[in-house]
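Engineer: Once you've had a glance at the structure underneath, I'll fire off some questions.
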Amino acid sequence: MRSPILERTPDVSGRATRPAAIFSVAMAVPEQVVTNATVAENAGVTEQWIVHRTGVHERRHVREGERLQDLAAAAGRAALDEAGVAAADVDLVLVATVGADELLPNAAPLVALDLGAQRAGAMDVGAACTGYLSGLSLAAAQVESGRCDRVLVIGADVLSRFTDKTDRGTAALFADGAGATLVGPAGEGNGLIGHIALHADGVGAPAIRAGDDRIIHMQGHDTFKAAVQRLSESTVEAVDHVGLELDDIGLFVYHQANARILAAVGERLGLDGGRVIDCIDRYGNTSSATLPIALADARERGMLEPGMNVLLAAFGAGFTWGAGVIQWGA
């Protein structure tokens with residue numbers, strides 16, 4: 001398997017930029033497990049229908065009083081502990097989410113406070129299910145340019161707050177969780193973050209919306225078709241950009257939107273199912289959190305190896321989508 005071509009080009013000042021790497025990955029999910037039996041009873045479907053249409057067997061939901069802030073901080077703290085980096089040494093905290101606990105303040109400043117990242121800047125990233133990938137791109141750019149040395153990227157969502165329990169198209173899918181990665185300058189054993197291509201097309205906005213009622217409404221068929229097309233296209237684009245072939249990718253980590261979407265993308269691209277991580281069966285669709293949760297789950301299952309080329313890709317409301325190749329470190 002070849003290594004990705006991840007050399008950095010000079011910036012506008014003529015200085016060569018330094019490569020960025022993922023130092024750690026961690027996840028945090030609520031303790032409460034919601035089974036298909038519970039969802040099926042509320043939505044008027046069978047458990048078998050949920051599995052067939054979504055691939056989800058169970059998902060996690062917060063209990064009354066539990067906050068997105070707490071999930072995000074737990075994932076972030078675990079990522080810092082794994083990397084052996086003190087919160088006080090973090091320069092920037094990015095929290096990708098579709099719904100902070102309050103309209104104001106945003107989630108990131110509160111998460112930074114909980115972590116003890118007193119000198120860090122903090123901001124939320126809003127790109128729906130593409131939020132974590134967008135945050136990772138921003139973090140890599142900050143490190144590459146030398147503006148930051150340590151950036152904590154967290155994807156966190158509590159979609160159960162915005163789900164109509166009687167809507168089978170969303171209640172069967174959406175879940176709560178958080179995942180985090182620490183990004184810093186690449187060094188020996190850290191791996192590398194390659195180019196991440198991000199795209200958007202507002203024409204698709206009506207397909208997934210949450211308005212004044214704060215309930216997510218989704219046109220399933222239109223979303224499915226667009227997700228398969230855009231994830232397939234962006235996969236090829238990202239791999240081509242770093243001079244690789246699909247066969248050079250050891251693991252494909254897609255947004256865990258729906259098992260049928262994962263299967264359709266794999267079929268379109270001719271991918272071996274064993275190289276496509278699927279953890280939606282246990283965690284459901286956690287929006288911004290699915291990519292870091294999937295990375296953490298893949299590592300736990302022994303699917304990641306040092307030096308492996310890993311494809312990350314996401315698709316979300318907006319429409320927004322994107323993909324990039326990283327090299328997994330030791």
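Any read-out appearing in this document is the output of simple, stated calculations on the displayed coordinates, not a laboratory observation. As the structure is a prediction and not an experimental result, all values here were calculated from the model. For neighbour counting, all protein chains shown are included, and Cβ atoms are generated from backbone atoms with ideal geometry for every residue, glycine included.
Engineer: For the range 122-196, what percent of Cα pairs sit more than 22 Å apart? Write out the running numbers ahead of the final one.
Structural biologist: Numbers: 1018 of 2775 pairs.
Summing the P(r) tail past 22 Å for the range 122-196 gives 37 percent.
Engineer: Hey, another quick one. Among Val51, Val29, Val310, whose mean-square fluctuation peaks in a Gaussian network model of the chain (Cα, cutoff 10 Å)?
Structural biologist: Val51
Engineer: Okay, next question. Select from Ala128, Ala317, Ala200 the residue whose mean-square fluctuation is largest in a Gaussian network model of the chain (Cα-Cα springs shorter than 10 Å).
Structural biologist: Per the Cα network of the chain with a 10 Å cutoff, Ala200 tops the list.
Engineer: Compute the long axis of helix 68-83 from its Cα atoms, compare it with the longest principal axis of the Cα atoms of the chain, and write down the angle in degrees, 0 to 90, nearest 10.
Structural biologist: Tilt of helix 68-83: around 40 degrees.
Engineer: Moving on. Any idea what the relative contact order of the chain is, in percent, if you count C-alpha pairs under 8 Å spaced at least 6 apart?
Structural biologist: On the way: 842 pairs, mean separation 85.3, N = 330.
It comes to 26 percent, rounded to a whole number.
Engineer: Relative to the longest principal Cα axis of the chain, at what angle does helix 131-144 sit, 0 to 90 degrees, rounded to 10?
Structural biologist: Compared with the principal axis, the helix lies near 10 degrees.
Engineer: Which one, (1) 30, 23, 17; (2) 34, 29, 16; (3) 48, 19, 17, gives semi-axes √(5λ) of the Cα gyration tensor in Å as derived from the coordinates shown?
Structural biologist: (1)
Engineer: Sticking with this structure for a sec: Once you have the Cα-Cα distance between Glu41 and Leu104, take 0.36 nm times their residue separation minus that, and quote the gain in nm to one decimal.
Structural biologist: Computed gain between Glu41 and Leu104 is 19.2 nm.
Engineer: Okay, moving on. Please report the net charge: other residues with Cβ closer than 11 Å to the Cβ of Val25, K and R +1, D and E -1.
Structural biologist: Around Val25, the charge tally is -2.
Engineer: Trypsin sites (Lys or Arg not before Pro), restricted to the range 262-330: which are DSSP loop and have at most 16 other Cβ atoms within 10 Å?
Structural biologist: Counting only loop positions with at most 16 other Cβ atoms within 10 Å, the trypsin sites (Lys or Arg not before Pro) in the range 262-330 are Arg301.
Engineer: Now for a separate question. Just to confirm the filter: which trypsin sites (Lys or Arg not before Pro) across the range 71-157 are DSSP coil and have at most 12 other Cβ within 10 angstrom of their Cβ?
Structural biologist: Filter output for the range 71-157: Arg119, Arg147.
Engineer: Taking springs between alpha-carbon atoms closer than 10 angstrom, which of Glu82, Glu233, Glu41 fluctuates most in the Gaussian network model of the chain?
Structural biologist: Residue with maximal mean-square fluctuation among Glu82, Glu233, Glu41: Glu41.
Engineer: Against the longest principal axis of the chain, how steep is helix 259-269, in degrees 0 to 90 to the nearest 10, with axes from Cα atoms?
Structural biologist: Roughly 50 degrees between the two axes.
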